[in-house]
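This report refers to the structure that appears directly beneath it.
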Amino acid sequence: MAVIIILLMHSVPGMFNNGINDFGNLYLGPLGFGRAGIFVAWAIKLSHIAAVICFIMNRYVKLAGSITIFILIMGMVMIHANEGWYVVGGGRNGVEFNVLLIGVILQLMVQRDTCTESAKQ
C-alpha cells in the first residue's frame, strides 16, 4: 500500500497544478527532449497510475514493476545522482528514496512469482 500511495502522490497532484507540464517544458525540453518533453513527462506519470492499478489488481506486476524501476533509475541518473545519497539530513534530493522504492517494487515482483508458484502446487 505504501508504494501505491507514493506513486499516486508523485503523479496525481502534478496533473492538476501544472507540475507535469512544467517538468516536460522546463526540465526535459531543454535537456534535449524538445516538445516531446511534455509527452514524456505525461507518459511517466500515467505509467505510475497504471502501475498502481496493476499492483492493486495483482496483475502484470512484473511489467509494471519493470517500467517503474526503469523510470526510477533514469530519475536517479538524470536528477538525483548529482545530489548524492541523502534526500534530507546529510544532503538534499539524493538517490536514497529511489533506491528504497526500487527494493520494495522488486520485492513485490518476487512475491508475485512466489505466490503464483505456490498456487500452481
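Pairs of Cα atoms in the chain fall into 5 Å distance bins, from 0 up to the last occupied one, in shares of 2, 11, 17, 21, 20, 14, 8, 4, 2, 1, 0 percent.
Mean separation of Cα pairs under 8 Å and 6+ residues apart, divided by the residue count of the chain: what relative contact order is that in percent? Could the numbers behind the result be given before it?
On the way: 113 pairs, mean separation 21.9, N = 121.
Relative contact order here is 18 percent.
Ranking Phe16, Gly91, Leu28 by how far each Cα lies toward the positive end of the dipole of the chain (charges on Cβ) leaves Phe16 at the top.
Ordering of 58-67, 80-89 by packing is 58-67, 80-89, highest average first (other Cβ atoms within 10 Å, averaged per residue). Placing unit charges on C-beta atoms (Lys and Arg positive, Asp and Glu negative, everything else neutral), compute the dipole magnitude of the range 2-116 about its Cα centre in debye, rounded to 20. Here the size comes out at about 240 debye.
Rule-based calculations on the coordinates, nothing more; no lab input. This one's a predicted model, so the numbers in the text were calculated from it and none came from an experiment. Note: ideal-geometry Cβ built from the backbone for every residue, glycine included; neighbour counts use all protein chains shown.
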